[in-house]
1. Might you let me know whether segment 231-245 holds any residue that is within 16 Å of ligand 2 (Cβ to nearest atom), of a type outside the set (Asp, Glu) and more than 26 Å from Ser191 (Cα to Cα)?
2. Could you grab the pairs with beta carbons closer than 7 Å, sequence gap of 6+ or different chains, first residue in segment 156-183 and part of a helix (DSSP H, G or I), second one away from ligand 1 (no atom under 16 Å from the Cβ) and not aliphatic (A, V, I, L, M)?
3. Sort out which residues of segment 185-213 are hydrophobic (A, V, I, L, M, F, W, C) and either in contact with a Pro (Cβ under 8 Å, 6 or more places away or on another chain) or touching a residue at least 12 places away in the same chain (Cβ under 8 Å) (or both), and write them in order of number.
4. Which ones in segment 142-188 are of a type outside the set (A, V, I, L, M), within 16 Å of ligand 4 (Cβ to nearest atom) and closer than 24 Å to Leu94 by Cα?
5. Take the residues in segment 139-155 that are in a loop (DSSP other than H, G, I, E, B) and more than 22 Å from Pro78 (Cα to Cα), then tell me which one is farthest from ligand 3 (Cβ to nearest atom).
6. Going through segment 47-81 one residue at a time, which ones are farther than 24 Å from Trp268 by Cα and either in contact (Cβ under 8 Å) with a residue 40 or more places away in the chain or in a loop (DSSP other than H, G, I, E, B) (or both)?
7. Do the conditions hold for Phe76, that is, is it over 17 Å from Ser175 (Cβ atoms) and crowded, with 20+ Cβ neighbours inside 10 Å?
8. For segment 29-49, how many residues meet the condition of being touching a helix residue (DSSP H, G or I) at 6+ places or on another chain (Cβ under 6 Å), surrounded by 18 or more Cβ atoms within 10 Å (Cβ to Cβ) and more than 11 Å from Arg63 (Cα to Cα)?
Amino acid sequence: VKKQTTKSEVCVFSQHMQENLLRHIELKEGLTKAIERNELHMAFQPVINSSTGNVSFCEALLRWTLNGKSVSPVEFIPAAEQHGMIHPIGSWVLHKACELAANWHFDSSVALSVNVSVAQIMRGELKATVKSALQESGFPAQQLHLEITESIFAEDINFVLEQIQALQSLGVKISVDDFGTGFSSLALLQSLSADIVKIDKSFIQSIEQGGKPIIQAMQYMANELGYHVVAEGVETHEQARVLSEMGISCLQGFYFSKPMKTKELADWHKCFIGEE
Ligand code: C2E
Ligand code: MG
Ligand code: MG
Ligand code: MG
């Protein structure tokens, strides 16, 4: 589509832009109905403790099926954030994930990790939402982790620290997700006093290409600051071996398991334990 402007410049509204816009509208409208239409469900990916051979926690990952097709959270979470839908959806996620985890039959000591968006923290209502999810499900606060990305550091730091402390006062743990990808201010990592650092998968996947020293440095720093370290995106035996040897025993990735529905998770766990 070409449009002639008054100054006789030519504006090109490309087909690509039009497709993006239509997709954007489709997602925006779809998201407002996704909960009531029962289109959302939770998947869980286990995180293994390689030194004990146990599952230490499972990460809850949101799934959305729109018109029979699965939409990636990489696409719809930013859209939900942009249109404010992340608040009802984030609340649904917390309630649903806690409810499902409270009924995990395989091992009641396995913790649950839930992703939360920066916008949810900045609204100042997350503590109340988490509290209600815990109360309604009966899931123990001590076994709940909330994953926050480093982009939280771009916000008003005093407000952020206040919110984090309020959440921690409930007994839940805070994880810094995708560590190393954002602008990680190391000083802020210190003042945040969260509990867990998840080293981003891009670093894990660079192990075979000489990426080990960087992981070692992140691990050293995180440990010195009192954080537990989790490695994300472990895909190969070699990566798992190197990480375990380095003393990083909490491992998550396709090498162990993909994210699964609860039924599948219980079956997977049976096999996993059976193989020990
Ligand atoms: P994340 O929190 O860093 O989650 C890990 C992502 O890496 C998941 O993608 C997972 O399926 C994928 N993954 C796990 N193991 C491997 C591996 O070995 N290799 C590779 N290449 N990838 C692996 P997913 O489920 O597509 O989620 C993408 C992102 O969407 C998440 O990244 C998180 O930032 C966001 N997200 C997902 N669910 C929620 C949610 O309920 N709330 C919010 N706020 N964000 C969510
Ligand atoms: Mg995460
Ligand atoms: Mg991550
Ligand atoms: Mg991510």
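The values are calculated or read from the model by the stated rules, or taken from the named source; none is laboratory data. Treat the numbers as computed from the prediction; the structure is a model and nothing was measured. Reconstructed Cβ throughout: ideal geometry from the backbone, glycine too, with neighbour counts over all protein chains shown.
1. Yes, because at least one residue in segment 231-245 is within 16 Å of ligand 2 (Cβ to nearest atom), of a type outside the set (Asp, Glu) and more than 26 Å from Ser191 (Cα to Cα).
2. Cβ pairs passing all conditions: Leu161/Ser191; Gln163/Gly124; Ala166/Lys127; Leu167/Lys127.
3. Those that are hydrophobic (A, V, I, L, M, F, W, C) and either in contact with a Pro (Cβ under 8 Å, 6 or more places away or on another chain) or touching a residue at least 12 places away in the same chain (Cβ under 8 Å) (or both): Leu186, Leu188, Leu189, Leu192, Ala194, Ile196, Val197, Ile199, Phe203, Ile204, Ile207.
4. His145, Glu147, Thr149, Glu150, Ser151, Phe153, Ser175, Asp177, Asp178, Phe179
5. Pro140
6. Residues satisfying the conditions are Leu66, Asn67, Gly68, Val71, Glu75, Phe76, Ile77, Ala79, Ala80.
7. So Phe76 fits the description; yes.
8. Count: 1.
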